[in-house]
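Before I ask anything, let me first share the structure, which is written out below as structure tokens.
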Amino acid sequence: MDMDVRGIWVDALTLGHPHTTLNLVLALLLVVKPAQALEMIVGKIPILYAVNGSTVMLPCSYASCIGIENLYFKWEFNNNGTMETVCDAVIPSEGVVPKVKMHKERFEFVGKNQNHNISILLWNITFEDGGQYTCFGRNPKEKLKNHSAIFTLVVVDKLTEVDNTLTIIIASAVGGAIALLMGFMLLKNFTLFVLSKLEEKNKECLVTSSGIDNTENGLSGTKVDSKPKPTKQK
């Protein structure tokens, strides 16, 4: 297969036809380009803290742009390095509810393949149930490549409340500082406004006072009427 491709490639280059070479390159890229791979998804936060004795759901779904055919999936539990199969099944095609075989007690398949959902439920969890769970999938349409995603279950006595005191203190301090800064800016702008008004008023007073002084002193440009001297008649 590889020898034939290389031989065609050499012949195309030898012929020296640009369009032929370009078409061959595009054809090879389409042949070599891999199909969209299967993806196993366990959520944006692949870890769950749960209280001992409660019931939890281990989420998983699959996605494939090329579709599925006899998709094999299984859930596994990592028991101190030993991978134990929780359940497995084959999904013949899209939308078909698989016949899931359960290998461990207290587990239930709840996904039903609705919207590619293959989640499982674990009843009455114990501390021994804590650890890593692997959602595994293999799609024959993409040459049986293996894909998986890990979900971690942490079992605790009780869920601890998060102390937000420090966060509240910091938020209050930051809010107070912002309010103080805004108050200071408003006070500054108001002070500058008052000072500008006072300065304008002082200028008006100085102009008025200067006009009055000039009038009293009889200087040119004042409002004092200067009568012309009478001329003698001959």
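Here's the yes/no breakdown for (1) among the aliphatic types (A, V, I, L, M); (2) closer than 14 Å to LEU58 by Cα:
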residue	(1), (2)
ILE120	yes, yes
LYS141	no, no
LEU153	yes, yes
LEU187	yes, no
PHE190	no, no
PHE193	no, no
LYS197	no, no
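Please tell me if MET57 is closer than 12 Å to ILE120 by Cα and in a strand (DSSP E or B).
Yes: the conditions hold for MET57.
Does HIS103 meet the test of being touching a Ser or Thr at 6+ places or on another chain (Cβ under 8 Å), surrounded by fewer than 16 Cβ atoms within 10 Å (Cβ to Cβ), closer than 30 Å to VAL51 by Cα and of a type outside the set (A, V, I, L, M, F, W, C)?
Considered against the rule, which asks whether it is touching a Ser or Thr at 6+ places or on another chain (Cβ under 8 Å), surrounded by fewer than 16 Cβ atoms within 10 Å (Cβ to Cβ), closer than 30 Å to VAL51 by Cα and of a type outside the set (A, V, I, L, M, F, W, C), HIS103 comes out as yes.
Starting from residues that are within 29 Å of the chain's Cα centre (by Cα) and buried (at least 20 other Cβ atoms within 10 Å of the Cβ), keep the ones in segment 120-138 and report whichever is nearest to ILE68 (Cα to Cα).
Of everything passing the filter in segment 120-138, GLY137 is nearest to ILE68 (Cα to Cα).
Please count how many residues of segment 34-54 are more than 24 Å from the chain's Cα centre (by Cα) and in a strand (DSSP E or B).
Total meeting the criteria: 2.
Right, another one. Considering only segment 71-83, how many residues are over 15 Å from PHE151 (Cβ atoms) and either surrounded by 14 or more Cβ atoms within 10 Å (Cβ to Cβ) or of a type in the set (A, V, I, L, M, F, W, C) (or both)?
Residues meeting the conditions: 2.
Scan ILE170, ILE150 and give me the residue that is modelled with pLDDT of 90 or more, of a type in the set (A, V, I, L, M) and either more than 30 Å from ILE91 (Cα to Cα) or under 30 Å from the mean Cα position of the chain (by Cα) (or both).
Being modelled with pLDDT of 90 or more, of a type in the set (A, V, I, L, M) and either more than 30 Å from ILE91 (Cα to Cα) or under 30 Å from the mean Cα position of the chain (by Cα) (or both) holds for just one of ILE170, ILE150, which is ILE150.
Matching residues to (1) more than 17 Å from LEU153 (Cα to Cα); (2) part of a strand (DSSP E or B); (3) open to solvent by 50 Å² or more (accessible area, probe 1.4 Å); (4) at pLDDT 95 or above:
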residue: GLU69; (1), (2), (3), (4): yes, no, yes, no
residue: THR85; (1), (2), (3), (4): no, yes, no, yes
residue: ASP88; (1), (2), (3), (4): yes, yes, no, yes
residue: GLY95; (1), (2), (3), (4): yes, no, yes, no
residue: GLU108; (1), (2), (3), (4): no, yes, yes, yes
residue: GLY111; (1), (2), (3), (4): yes, no, no, no
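So which of LYS99, LYS74 ends up being assigned to a loop (DSSP other than H, G, I, E, B) and of a type in the set (D, E, K, R)?
Result of the check over LYS99, LYS74: LYS99.
Read through the list (1) in contact with a His (Cβ under 8 Å, 6 or more places away or on another chain); (2) of a type outside the set (Phe, Trp, Tyr); (3) at pLDDT 95 or above, then give the number of the only condition that LEU38 fails.
(3)
The values are calculated or read from the model by the stated rules, or taken from the named source; none is laboratory data. Here the structure is a predicted model, which is why all the values come from computation and not from measurement. Counting neighbours? That spans all protein chains shown, and the Cβs are built from the backbone with ideal geometry, glycine included. Note: accessible area is taken over every heavy atom of the protein model, side chains too, but ligands, DNA and RNA are not part of it. Shrake-Rupley method; radii C 1.70, N 1.55, O 1.52, S 1.80 Å.
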